[in-house]
Amino acid sequence: MRGLFVTFEGGEGAGKSSVLREIGKELKSEGYQVLETREPGGIRIAEKIREVILNPSHTEMDRRTEALLYAAARRQHLVEKVIPALQEGKIVLCDRFLDSSLAYQGVARGIGLEEVNAINEFAIDDCMPDVTLLFNIEPEQGLNRIMENKEREQNRLDLEHLDFHQQVYQAYQDLASRYPDRIQTLDAGQSFERVKEDALQILRNCLPS
Ligand SMILES: Nc1ncnc2c1ncn2[C@@H]1O[C@H](COP(=O)(O)OP(=O)(O)OP(=O)(O)O)[C@@H](O)[C@H]1O
Ligand SMILES: [Mg+2]
């Protein structure tokens with residue numbers, strides 16, 4: 001028995017986390033068993049790895065070291081949390097996964113797509129998502145949502161910052177053309193309800209009726 005492994009991808013403020021929560025509620029109310037998670041997903045070892053990655057004093061951290069640590073945390077989260085849930089037949093909704101590493105580190109941070117893909121293949125083994133929802137939105141629009149809603153200062157968004165997000169945006173589009181069977185693109189610039197309905201529609205097509 002195997003459940004359904006769904007990953008949520010896209011840039012900042014695209015609506016991944018809020019749509020994930022709503023879809024989780026909806027599917028549970030219909031009687032499906034659902035695991036909502038995000039990396040590192042509360043796994044002890046992965047949390048420790050995350051602390052190492054995010055510790056601001058670790059200024060000497062090499063880009064590849066960082067990519068390896070993310071892949072290591074991903075592996076542990078998969079083995080401890082995602083795979084057991086899939087084996088129990090659950091629908092696993094995971095906020096960000098492989099494609100985030102490919103887009104952010106492989107492309108925007110400039111390590112290289114193939115390099116980041118290779119270490120992640122090792123980490124993921126054959127447990128790839130059945131379907132990936134790509135929340136496609138212009139970076140300006142996504143960042144505006146975050147600023148509007150979290151009252152962040154507008155002036156912190158300098159041009160270099162925006163350029164980084166543009167690269168992430170473009171990288172996701174390229175990934176979607178490269179993996180058209182797995183990655184389903186949503187127009188995340190629509191109203192929340194529309195995005196949620198579009199996402200549910202895609203998932204329903206993947207679920208046993
Ligand atoms: N379709 C939408 N229209 C307008 N606002 C939205 C929409 N979807 C989400 N939002 C709002 O935009 C903000 C960002 O949404 P959310 O946190 O779900 O995005 P995210 O993709 O998870 O971002 P991050 O990558 O930063 O985690 C939230 O305040 C949310 O309520
Ligand atoms: Mg989020």
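All but one of (1) closer than 20 Å to A176 by Cβ; (2) more than 9 Å from ligand 1 (Cβ to nearest atom); (3) part of a helix (DSSP H, G or I) hold for V19; which doesn't?
(2)
Given (1) within 16 Å of ligand 2 (Cβ to nearest atom); (2) buried (at least 23 other Cβ atoms within 10 Å of the Cβ), identify the lone condition not met by F5.
(1)
Which numbered condition in (1) buried (at least 22 other Cβ atoms within 10 Å of the Cβ); (2) farther than 23 Å from Y169 by Cβ is the only one that G15 fails?
(2)
Which residue pairs have Cβ atoms closer than 9 Å, lie 6 or more positions apart in sequence or on different chains, and pair a first residue in the stretch 44-69 that is closer than 16 Å to S100 by Cα with a second residue that is open to solvent by 80 Å² or more (accessible area, probe 1.4 Å) and not in a helix (DSSP H, G or I)?
Qualifying pairs under 9 Å: R63/R109; E66/R109; A67/R109.
Table: residues versus (1) away from ligand 1 (no atom under 16 Å from the Cβ); (2) not in a helix (DSSP H, G or I).
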| site | (1), (2) |
| --- | --- |
| V79 | yes, no |
| I83 | yes, no |
| L86 | yes, no |
| G89 | yes, yes |
| S100 | no, no |
| A103 | no, no |
| G106 | yes, no |
| I111 | yes, yes |
| N117 | yes, no |
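Select from the stretch 35-73 the residues that are surrounded by 17 or more Cβ atoms within 10 Å (Cβ to Cβ) and part of a loop (DSSP other than H, G, I, E, B) and list them in ascending order.
Hits for the stretch 35-73 are E39, P40, G41, I43.
Is it the case that E9 is modelled with pLDDT of 95 or more and within 16 Å of ligand 1 (Cβ to nearest atom)?
Yes, satisfied.
Which numbered condition trips up E26, out of (1) of a type in the set (D, E, K, R); (2) surrounded by fewer than 24 Cβ atoms within 10 Å (Cβ to Cβ); (3) within 19 Å of the chain's Cα centre (by Cα)?
(3)
Could you list all residues from the stretch 105-147 that are within 16 Å of ligand 2 (Cβ to nearest atom) and among the charged types (D, E, K, R)?
Listed by number, the list holds a single entry, R145.
The values are calculated or read from the model by the stated rules, or taken from the named source; none is laboratory data. All values derive from a computational prediction rather than experimental measurement. All Cβ positions, even for glycine, are placed from backbone atoms using ideal geometry, and neighbour counts span all protein chains on display. The area values use the complete protein model at the heavy-atom level, side chains included, leaving out ligands, DNA and RNA. Shrake-Rupley method; radii C 1.70, N 1.55, O 1.52, S 1.80 Å.
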